[in-house]
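S.K.: Here it is, the structure, as structure tokens.
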């Protein structure tokens, strides 16, 4: 699931949009939640936007400033999967946005 791109229902304000899953699989005693980074086509030129060319998405970027944790039931349909280097780029942007060490 980690690194997969899903169409996600983010509610009324967030709309239905593509997101990449960042969280790892949950254990039996864990809540059934996933943490995702949303994809946007409204680019602002931010250093936290990770632009990736993906055949199954309109041109845009994954926005590290838009991290959401949602119930897994909000995942509608799998669209594809990021390659390792693409997921690493999203992870780097999220760490940067959160002020976390890039090597953690």
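S.K.: Consider residue 22 carefully, then state whether it is buried (at least 19 other Cβ atoms within 10 Å of the Cβ), closer than 22 Å to residue 98 by Cα, in contact with a helix residue (DSSP H, G or I) (Cβ under 6 Å, 6 or more places away or on another chain) and modelled with pLDDT of 95 or more.
M.R.: For residue 22, the condition - buried (at least 19 other Cβ atoms within 10 Å of the Cβ), closer than 22 Å to residue 98 by Cα, in contact with a helix residue (DSSP H, G or I) (Cβ under 6 Å, 6 or more places away or on another chain) and modelled with pLDDT of 95 or more - is not met.
S.K.: So for the stretch 66-81 (the condition being out of contact with any helix residue (DSSP H, G or I) (no Cβ under 8 Å at 6 or more places or on another chain), under 21 Å from residue 95 (Cβ atoms) and exposed (fewer than 13 other Cβ atoms within 10 Å of the Cβ)), does at least one residue qualify?
M.R.: Scanning the stretch 66-81, I find at least one residue that is out of contact with any helix residue (DSSP H, G or I) (no Cβ under 8 Å at 6 or more places or on another chain), under 21 Å from residue 95 (Cβ atoms) and exposed (fewer than 13 other Cβ atoms within 10 Å of the Cβ), so the answer is yes.
S.K.: Right, another one. For the stretch 33-49, name all the residues that are under 16 Å from residue 2 (Cβ atoms), surrounded by 16 or more Cβ atoms within 10 Å (Cβ to Cβ) and in contact with a helix residue (DSSP H, G or I) (Cβ under 7 Å, 6 or more places away or on another chain).
M.R.: Passing the criteria: 34, 37.
S.K.: Shifting gears a bit: Taking the stretch 5-56, which residues are within 13 Å of the chain's Cα centre (by Cα), outside any strand (DSSP E or B) and touching a residue at least 24 places away in the same chain (Cβ under 8 Å)?
M.R.: Those that are within 13 Å of the chain's Cα centre (by Cα), outside any strand (DSSP E or B) and touching a residue at least 24 places away in the same chain (Cβ under 8 Å): 10, 22, 23, 48, 52.
S.K.: Using the structure shown, decide if residue 63 is under 19 Å from residue 6 (Cβ atoms) and exposed (fewer than 10 other Cβ atoms within 10 Å of the Cβ). Explain how you work it out, then say what you get.
M.R.: Values: under 19 Å from residue 6 (Cβ atoms): yes; exposed (fewer than 10 other Cβ atoms within 10 Å of the Cβ): no.
It is false that residue 63 is under 19 Å from residue 6 (Cβ atoms) and exposed (fewer than 10 other Cβ atoms within 10 Å of the Cβ).
S.K.: Counting only residues that are more than 13 Å from the chain's Cα centre (by Cα) and in a strand (DSSP E or B), which one in the stretch 62-104 is farthest from residue 17 (Cα to Cα)?
M.R.: 71
The values are calculated or read from the model by the stated rules, or taken from the named source; none is laboratory data. Because the structure is a prediction, the values reported are computed rather than measured. For neighbour counting, all protein chains shown are included, and Cβ atoms are generated from backbone atoms with ideal geometry for every residue, glycine included.
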